[in-house]
1. Of (1) assigned to a loop (DSSP other than H, G, I, E, B); (2) surrounded by 15 or more Cβ atoms within 10 Å (Cβ to Cβ), LEU362 satisfies all except one. Which?
2. Looking at (1) in contact with a helix residue (DSSP H, G or I) (Cβ under 9 Å, 6 or more places away or on another chain); (2) modelled with pLDDT of 80 or more; (3) not aromatic (Phe, Trp, Tyr), can you tell me which one HIS172 breaks?
3. Between a first residue in segment 455-472 that is more than 15 Å from LEU421 (Cα to Cα) and a second residue that is of a type in the set (Asp, Glu), which pairs have beta carbons less than 9 Å apart while being 6 or more apart in sequence or on different chains?
4. Looking only at segment 449-467, how many residues end up being farther than 15 Å from GLY415 by Cβ and surrounded by fewer than 22 Cβ atoms within 10 Å (Cβ to Cβ)?
5. Can you tell which of LYS426, LYS391, LYS370 is in contact with a strand residue (DSSP E or B) (Cβ under 6 Å, 6 or more places away or on another chain) and open to solvent by 40 Å² or more (accessible area, probe 1.4 Å)?
6. Cβ-Cβ below 7 Å, separation at least six or inter-chain, first residue in segment 357-370 and within 16 Å of GLU422 (Cα to Cα), second surrounded by 14 or more Cβ atoms within 10 Å (Cβ to Cβ) and basic (Lys, Arg): which pairs?
7. Tell me, please, whether a residue that is at pLDDT 90 or above, of a type in the set (Gly, Ala, Ser) and either at negative phi or in a strand (DSSP E or B) (or both) can be found in segment 409-419.
8. Restricted to segment 193-205, and to residues that are open to solvent by 40 Å² or more (accessible area, probe 1.4 Å) and of a type outside the set (D, E, K, R), which residue is nearest to LEU421 (Cα to Cα)?
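The values are calculated or read from the model by the stated rules, or taken from the named source; none is laboratory data. If you're wondering where the values come from, they're calculated on a predicted model, not measured in any experiment. Neighbour counts are summed over all protein chains in view; Cβ atoms, including those assigned to glycine, are modelled from backbone coordinates with ideal geometry. To get the accessible areas, we keep the full protein, side chains included, count just its heavy atoms, and leave off ligands, DNA and RNA. Shrake-Rupley method; radii C 1.70, N 1.55, O 1.52, S 1.80 Å.
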Amino acid sequence: MQLHISPSLRHVTVLPGKGVREFIKVKVGGRRLSYRILFYSLLFFTFLLRFVFVLSTVNTLDGDSKCSTIGCLGKRLGPRLLGRRLDSAVPDVIYQVLDEPIGKDELKGRDDIPQTLEDFMTEVKDKQLDAQTFAIKLRQMVSLLEQRTRTAKIQEYLYRHVASSSIPKQLHCLALRLANEHSNNAAARLQLPSPELVPALVDNSYFHFVLASDNILAAAVVAASLAQNALRPDRFVLHIITDKKTYSPMQAWFSLHPLSPAIIEVKALHHFDWFTKGKVPVLEAMEKDQRVRSQFRGGSSAIIANNTEKPVVIAAKLQALSPKYNSMMNHIRIHLPELFPSLSKVVFLDDDIVVQTDLSPLWDIDLNGKVNGAVETCRGKDRFVMSKRFKSYLNFSHPLIARNFDPSECAWAYGMNIFDLEAWRKTNISLTYHYWLEQNLKSDLSLWQLGTLPPGLIAFHGHVHRIDPFWHMLGLGYQENTSIAAPWLDIAFPQLRPLWAKYINFSDKFIKGCNIRAF
């Protein structure tokens, strides 16, 4: 159909769409009003009103945030023109009932609450519930499901805590087999490094890395990935620090699996002269920390029995109980200047990383007089991993924290750090670290609850130089906003295993004998 309007606006011609020459011609007089004009006018306004009605309905469904100019006009005028009410049709009694809080024991022992939506709808239809009873039943059902979801979430956190705090049997097997090898095989007791390479341990022309770990498999991955990605491995020195019980199997592994030409040193804490002379502040703090935590926690069962806290808070408290956060291996980095008095610069590596490039250019970074070169964790695409500021780790509701620090200050990663030991020795960083450990213990762990990063953020405050995020890719241990304590466990996410599996020879007799597999 075609519509033609004359230039004088006095004729309107409607032509059929299939070429038929029959047409309707309407004359528009200057003063006369034709019945045809009245008919088409009514037709036009009817169409307009239907259009406004449809737009108002669509905008009601889309919400106020998606309201176009014409749509908003339809939304505002349509209901008024058509006699529609803008008020909600939901009875006020439903809002009143749903706003009422659930009593602590209101749902305990109840067997008359619908368990599923299907049960709820069946009861509504069968009993013809009034609005108030409907709302009460709905509130009870939703509250019951919320409680069960919360309980299941807490149980999940508890199982994760138990799994991550336990030594997997494969790793336990590996340590036992290597300890036995250390006792029976002279080749597993070789001096590390060999006598001719010992001078390199204090030579500042080499690239010195420090790894503190009691996890043999994790240390093996870090060492292998570091050496294999180095452009000049003959200039790399890796100082591995472990505890007394892990020293023999750790030495056995690296004696039998050398990474030449890279230089590997394995020492236990008791081998360092500094640890044998007088008191070590961090050891004293850890002893007190263990006593406070035993009183503070009352065991994991006491934590999960608290029904008033959110699951994420309970998860944080369970994580605080992890042996990892009370391990000397985790605190040892604060004493690097004393442990390596002859070195001027080191790179500290956590045992949950995998090196993927040559790290020698780290020595070319000018720290501008700062002590700690680190990657910031407050800017990045990943909002979970790269959104960490001081308020993420410190309790700013405590006046001692609130008076001294800015909650919006950017945090930084504590897993790959360049430390200028000469600059460090000119500061009171270590003393500050121990002071705040004491303050946290005196406050019953209310300044922060776990880890070495919070006191590290405090101790190195003002001494950190930001380095390019290229050097520390964060978040590989995070999936779906959940951190995994140790990526070397069987409970680790499968998609992460290829990152470290390529640095382990799974045909090795120790690895194979302990049934350690990549997939």
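1. (1)
2. So HIS172 meets the others, but not (1).
3. Cβ pairs passing all conditions: LEU457/GLU409; HIS461/GLU409; ARG466/GLU376; ILE467/GLU376; PRO469/GLU376.
4. Residues meeting the conditions: 7.
5. Numbers: LYS426 fails: in contact with a strand residue (DSSP E or B) (Cβ under 6 Å, 6 or more places away or on another chain); LYS391 fails: in contact with a strand residue (DSSP E or B) (Cβ under 6 Å, 6 or more places away or on another chain).
Criteria check complete, one pass: LYS370.
6. Close Cβ pairs satisfying both conditions: TRP363/LYS345.
7. Checked against the condition, which is being at pLDDT 90 or above, of a type in the set (Gly, Ala, Ser) and either at negative phi or in a strand (DSSP E or B) (or both), segment 409-419 yields at least one hit.
8. Residue satisfying both the conditions and the ranking: ASN204.
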